[in-house]
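Some notes on the structure that comes next.
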Amino acid sequence: MDNDLKKLLSKIKEQRPGADLELVELAYDFAKKAHEGQKRFSGEPYFSHPYNAALILAEMKMSPEMIVAALLHDVVEETEITVKDLEKDFGADVAFLVEGVTKVGRVKYRGVERYLENLRKMFIAMAVDLRVIIIRFADRLDNLRTLFVHPREKQVRIAQESLEIYAPIANRLGMGEIKGLIEDAAFKYALPEEYKWVVNLAAKKQAAHAQYLEKLKKQLEKELTKNGIKYIFVEGRVKHFYSLYLKLLRYERDLTKIHDLVALRVVVNDTADCYRVLGLIHQLWAPIQGRIKDYIAQPKINGYQSLHTTVFTEEKKVVEFQIRTQAMHDLAEFGVAAHWHYDEKGKASYRPSKEMSWVQELSKWKKEIDANRKNLERLKVDVLKNRIFVFTPKGDVIDLPEEATPVDFAYAIHTQIGDKCSRAYVNDIIVNLDHTLKNGDIIEVLIDKNRKGPNPAWLKFVKSSVARTHIKSATKAEREGFLSKILK
Ligand code: MN
């Protein structure tokens, strides 16, 4: 067994002692062989990319199926292997995940506005299974970490879309850890000068603080033990650079006004202990007024819970404490994904139901995006409910009513294409024009230039009002033309 595989397996075992690793081993060998001979932009073997994505997910305590899917996530796109092949060897669930990740990946860049629109739609379409999006996060994070080999233009594009799309979605899902990692990796390329400024500004101070925090940590641990409060762990946490940057912008770029540059995090067994720890900290050090936040009684919109307080220590230093239970901690780091790794039974518990809070979440999320980018947003939740999202061969996303057909698709592209469409391919297979399209299908429509106009019989199966209107008006015009010829 090679060392990389050993490392991955031990990482999974560390996070999930009972996990079945046989499929992971199989997927490792399979993907490594499938990508054999392929190189990344950097010259590394291509397989290092899916491998790193799998490692990121293992660190996030994700399920073995997700890790398997991450290892395989690029084989459909980059090799001859099909989703069907994967289904045979790895089962329907893994094949479903890889297919989902592949589809999200097919969305191509075509101007910032258009692209964002497409990507956002795609995320929504894929929201039936959030695991797909989480695998995409790991994929994206590894791409960001190896961005240095790419030309400047590509670096900026990938970095910007990471900040504008991926990070807000991670935040929306409460996945604070991955959000911070994506933002920091992207920050460097999106705003290089600002990045340098923040790093220089913060690094020295953080290093000095780190030593002090270590001392404070020991002191607190001693006090906790003395007062009979059991704790799971106490750790120092350093603020991510990008979130520090945003905060600095709100505080006249003045680092002395930022009090959570470093913080101590205390993780305990239950909520009652959280408040006991808070009381103890306030006995030891004087709290700063207005800085005590009870996110346990009043969780943040994405579900985040913790007690926060900022105190003056003996050395007249300002330090923030965050106090939480293990469950609150996992939720803060992994968000929605945190619920899954406690529940190993049945697939249903992994996959949030369609009606899940996601749709409700979406309306809140919409407000946030509206606030950020008013003109980008034309989304209405009620409209989305009965829509499907399909692709052009070039990767543009077209949204259509449920049960739409290739004719609806053709009219959504252009009236001329609708009027003259003659054949349709769905995922490279020829279909009838009344074929029912599904979420994520790739559709190609061929036109017959000699065709006079649409077939009135299409009215029996089209679903979109655009198609209906055009077919009606075209056939009416044709009839009138025919009549006028007869009457002449
Ligand atoms: Mn990839």
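The values are calculated or read from the model by the stated rules, or taken from the named source; none is laboratory data. These numbers were taken from a predicted model, which means no experiment stands behind them. Here the Cβ positions follow ideal geometry from the backbone for every residue, glycine too, while neighbour counts run over all protein chains shown. Surface accessibility is based on the protein's heavy atoms, side chains included, excluding ligands, DNA and RNA. Shrake-Rupley method; radii C 1.70, N 1.55, O 1.52, S 1.80 Å.
Tabulated data for the structure shown
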quantity: Accessible surface of the range 385-487, 1.4 Å probe, proportion on carbon and sulfur as whole %; calculated: 52
quantity: Net charge, residue 326 excluded, C-beta distance under 13 Å - Lys, Arg +1, Asp, Glu -1; calculated: -1
quantity: Estimated FRET transfer efficiency (residue 289, residue 223; beta-carbon r; R0 25 Å; 0.05); calculated: 0.65
quantity: Inter-site label distance for residue 212 and residue 44 at 7 Å from Cα along Cβ, in nm; calculated: 3.7
quantity: Sequence-distant residues sharing a close amide H with residue 61 (under 5 Å, placed H); calculated: none
quantity: Rounded to the nearest 10 Å², the accessible area of residue 436 at probe 1.4 Å; calculated: 70
quantity: Accessible area of the range 201-254 belonging to carbon and sulfur atoms, whole % at 1.4 Å probe; calculated: 55
quantity: Solvent-accessible heavy-atom area per residue, rounded to whole Å², over the range 221-283 at 1.4 Å; calculated: 51
quantity: Nearest-10 value in Å² for the accessible area of residue 276, using the 1.4 Å probe; calculated: 120
quantity: Residue 150 paired with residue 447, simple spin-label distance in nm, labels 7 Å along Cα-to-beta-carbon; calculated: 3.4
quantity: Label-point separation, residue 87 to residue 59 (7 Å along Cα→Cβ), nm; calculated: 3.5
quantity: Relative contact order of the range 385-487, defined on C-alpha pairs under 8 angstrom at six or more residues apart (%); calculated: 28
quantity: Förster-model FRET efficiency, 30 Å R0, residue 466 and residue 428, C-beta, rounded to 0.05; calculated: 0.70
quantity: Contour excess over end-to-end distance, with Cα ends at residue 300 and residue 270 and 0.36 nm allotted per residue; calculated: 8.9 nm
quantity: Where 146, 310 fall by accessible area, highest first, once all protein chains stay in place (1.4 Å); calculated: 146, 310
quantity: For the range 385-487, the spread of Cα positions along each principal axis, largest first, Å; calculated: 49, 29, 20
quantity: Accessible area per residue, Å², the range 385-487 with all protein chains present, probe 1.4 Å; calculated: 58
quantity: Three-way shape label, the range 125-245, alpha-carbon gyration tensor, a/c 1.5; calculated: oblate
quantity: Heavy atoms of residue 60 accessible to a 1.4 Å probe, total area in Å² rounded to 10; calculated: 10
quantity: Per residue accessible area in Å² of the range 3-189, where ligands, DNA and RNA are left out and the probe is 1.4 Å; calculated: 39
quantity: Within the range 47-72: backbone nitrogen closer than 17 Å to the residue 25 label point (7 Å, Cα to C-beta); calculated: 64-65, 68
quantity: Too-long pairs where the Cα-Cα distance tops 31 Å, listed order kept, from 84/154; 226/293; 88/188; 11/196; calculated: 84/154; 88/188; 11/196
